[in-house]
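Asks: Mind looking over this structure? Questions follow.
The values are calculated or read from the model by the stated rules, or taken from the named source; none is laboratory data. All of these numbers come straight from a predicted model, not from anything done at the bench. Glycine gets a Cβ as well: all are built from the backbone with ideal geometry, and neighbour counts include every protein chain shown. The accessibility values were calculated without ligands, DNA or RNA, using every heavy atom of the protein model including side chains. Shrake-Rupley method; radii C 1.70, N 1.55, O 1.52, S 1.80 Å.
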Amino acid sequence: MHCPPDRLPLKGFRVISAEQYGAGPYGTMFLAQMGAEVIKIEPPGTPGPDGKRRGGGDTARAVGPHFLRPGESTYFQSFNLNKRSLTLDMRTDEGQAILRKLAASVDVVANNMRGDLPARLGLDYASLKDVNPALVCAHLSAYGRDNERAKWPGYDYLMQAEAGYCQITGEPGGDPQRMGLSMVDFMTGTIFCIGLLGALVDAQRTGEGRDVDTDLLAAAIHQTSYPALWYMNHGDETQRTPRSAHPTATPSQMFKAADGWMFVMCQLPKFWDILVTRMGRGDLKDDPRFADNADRLANREDLTRILDEEFARQPMAHWQELLAGHVPVAPVYTLGDALDNPWLRTVGMREEIEHPDKPDLQILASPLKFDGKRPPNRAAPLLGADNDSILADLGYDPEAIADLRTRGVV
């Protein structure tokens, strides 16, 4: 069961977003799933000698290796569910006129462009406040819009490198490693969404809009959290730990059962007591090497060796059954195992929707629930699928729309 569309919290709000690739579209997809009308502005491309457009749309539409049709990737579906698509060349006078007409009728204008482009393309509050004083203009860039890096392109992997993630990820002594997913993109998109909604609440209350900004590097640095404060205040620089262990809590790391790896986390003293009791090794509670967390941390190698011997006696399923619900524990799954986990169906995190080229498109549901129900989803739009209806709502008749299309404005 899904949350009824008329009960979604952003029903009635309108957003236009000049966006591409991952971070910005990931954030605005939350808005679309919460009921906002999100109109995705995409470049129309250039006409070829055969009259067909080439090079248009969000670059994510062309990201392989899997496609639903030529130019429409499965990758694109990951970030653009529930949206509408309008192709628009904002570099033209006609494109700017359409943008301003749209801005007058929406609540938010969002973008995730390079930092120097929003002002140039008329996407900031200074450019649009005369047509809509209550407008929120939300910006997500690589390095921000107000510094000497504004013109720099930037991507998730670069931020993982510069924010220190790569040097604290992996086994001690190994080469620097990035995380397996583009988590900086996803974190920044979420922060973008939070800031946008905060500004929207204020604009609804006061009638006055504003610019709201975030950037990939600032978000990445902010997520260094407590290790940042440890370093800045105490000169304590967090290092890599064996088996992805927590830097201070012990045992809180990966262990290998008879048939695979699992993660066990005794973050609190009570979990250590429960762990050794349920394992039948209550004697470890009386071992002075492991009397408290500080002792266990000082003797982590010895403790790891002892627990390895115990965990290796039984398969992972045995330990899951023995410990789950008593001690924080999880299997270390492959990605395939994680997505095929029946639990995802139980809690509604996997679902099936229709796409024109795939009637049983498998997607991940929103992680949010409203009144105990997840919001409904529909497939991401085909490129320019909503051009005619959006332009008609702005007062353009079929002949005018055809002319705009012929001239490459849409």
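Asks: Going by the conditions given, is Thr190 touching a residue at least 60 places away in the same chain (Cβ under 8 Å), in contact with a helix residue (DSSP H, G or I) (Cβ under 9 Å, 6 or more places away or on another chain), within 19 Å of Glu19 (Cβ to Cβ) and polar (S, T, N, Q)? Lay out the reasoning, then the answer.
Replies: Values: touching a residue at least 60 places away in the same chain (Cβ under 8 Å): yes; in contact with a helix residue (DSSP H, G or I) (Cβ under 9 Å, 6 or more places away or on another chain): yes; within 19 Å of Glu19 (Cβ to Cβ): yes; polar (S, T, N, Q): yes.
When the stated conditions are applied, Thr190 passes them.
Asks: Kindly indicate whether any position in the range 243-263 is assigned to a helix (DSSP H, G or I) and not assigned by the TED database to the domain that holds Ser127.
Replies: The answer is yes, given that some residue of the range 243-263 is assigned to a helix (DSSP H, G or I) and not assigned by the TED database to the domain that holds Ser127.
Asks: Determine whether the range 212-221 contains at least one residue that is at positive phi and open to solvent by 40 Å² or more (accessible area, probe 1.4 Å). First the steps, then the outcome.
Replies: At the first step, the residues of the range 212-221 found to be at positive phi are none.
No; the residues of the range 212-221 include none that is at positive phi and open to solvent by 40 Å² or more (accessible area, probe 1.4 Å).
Asks: Within the range 227-249, is there a residue that is over 30 Å from Asp295 (Cα atoms), of a type outside the set (S, T, N, Q) and touching a residue at least 40 places away in the same chain (Cβ under 8 Å)?
Replies: no
Asks: Look through the range 63-74, keep the residues that are without any contact (Cβ under 8 Å) to a residue 60 or more places away in the chain and open to solvent by 70 Å² or more (accessible area, probe 1.4 Å), and return whichever of them is farthest from Gly27 (Cα to Cα).
Replies: Only one residue fits best here, namely Pro70.
Asks: Do you know which residues across the range 373-410 are within 15 Å of Thr92 (Cβ to Cβ) and surrounded by fewer than 16 Cβ atoms within 10 Å (Cβ to Cβ)?
Replies: Residues satisfying the conditions are Ala400, Asp403, Thr406, Arg407.
Asks: Follow-up. What about Val201, is it closer than 30 Å to Val131 by Cα, in the same structural domain as Cys137 (by the TED database) and either out of contact with any strand residue (DSSP E or B) (no Cβ under 6 Å at 6 or more places or on another chain) or not charged (D, E, K, R) (or both)?
Replies: Taking the combined requirement at face value, the residue satisfies it.
Asks: Which ones in the range 79-107 are open to solvent by 40 Å² or more (accessible area, probe 1.4 Å), among the basic types (Lys, Arg), in contact with a helix residue (DSSP H, G or I) (Cβ under 8 Å, 6 or more places away or on another chain) and in contact (Cβ under 8 Å) with a residue 60 or more places away in the chain?
Replies: Residue satisfying the conditions is Arg84 alone.
Asks: Can you name the number of the only condition in (1) open to solvent by 40 Å² or more (accessible area, probe 1.4 Å); (2) within 22 Å of Val212 (Cβ to Cβ); (3) assigned to a loop (DSSP other than H, G, I, E, B) that Gln177 fails?
Replies: Gln177 satisfies every listed condition except (2).
Asks: Among (1) over 30 Å from Tyr143 (Cβ atoms); (2) exposed (fewer than 14 other Cβ atoms within 10 Å of the Cβ); (3) not aromatic (Phe, Trp, Tyr), which single condition is Glu237 missing?
Replies: (1)
Asks: Does the range 304-314 include one or more residues that are in contact (Cβ under 8 Å) with a residue 40 or more places away in the chain and farther than 27 Å from Pro247 by Cβ?
Replies: Taking every residue of the range 304-314 in turn, at least one turns out to be in contact (Cβ under 8 Å) with a residue 40 or more places away in the chain and farther than 27 Å from Pro247 by Cβ.
Asks: Within the range 264-276, is even one residue out of contact with any helix residue (DSSP H, G or I) (no Cβ under 6 Å at 6 or more places or on another chain), part of a loop (DSSP other than H, G, I, E, B), without any contact (Cβ under 8 Å) to a residue 60 or more places away in the chain and not hydrophobic (A, V, I, L, M, F, W, C)?
Replies: no
Asks: Return only the number of the condition from (1) surrounded by fewer than 15 Cβ atoms within 10 Å (Cβ to Cβ); (2) more than 32 Å from the chain's Cα centre (by Cα) that Asp273 does not satisfy.
Replies: The one condition Asp273 does not meet is (1).
Asks: With open to solvent by 60 Å² or more (accessible area, probe 1.4 Å), closer than 30 Å to Gln167 by Cβ and either within 35 Å of the chain's Cα centre (by Cα) or among the hydrophobic types (A, V, I, L, M, F, W, C) (or both) as the only criterion, which of Leu307, Leu268, Leu303 stands out?
Replies: After ruling out the rest, the residue left standing is Leu268.
Asks: Taking helices (runs of 4 or more DSSP H) that do not extend beyond the range 307-410, which have at least 1 residues that are in the same structural domain as Asp287 (by the TED database) and touching a strand residue (DSSP E or B) at 6+ places or on another chain (Cβ under 7 Å)?
Replies: 316-323
Asks: Would you check which residues across the range 156-167 are surrounded by fewer than 17 Cβ atoms within 10 Å (Cβ to Cβ) and either in contact (Cβ under 8 Å) with a residue 40 or more places away in the chain or of a type outside the set (A, V, I, L, M, F, W, C) (or both) and list them?
Replies: Tyr157, Glu162, Gln167
Asks: Report yes if Gln177 is touching a Gly at 6+ places or on another chain (Cβ under 8 Å) and on the phi < 0 side of the Ramachandran plot, otherwise no. Outline the logic, then answer.
Replies: On the way: touching a Gly at 6+ places or on another chain (Cβ under 8 Å): yes; on the phi < 0 side of the Ramachandran plot: yes.
It is true that Gln177 is touching a Gly at 6+ places or on another chain (Cβ under 8 Å) and on the phi < 0 side of the Ramachandran plot.
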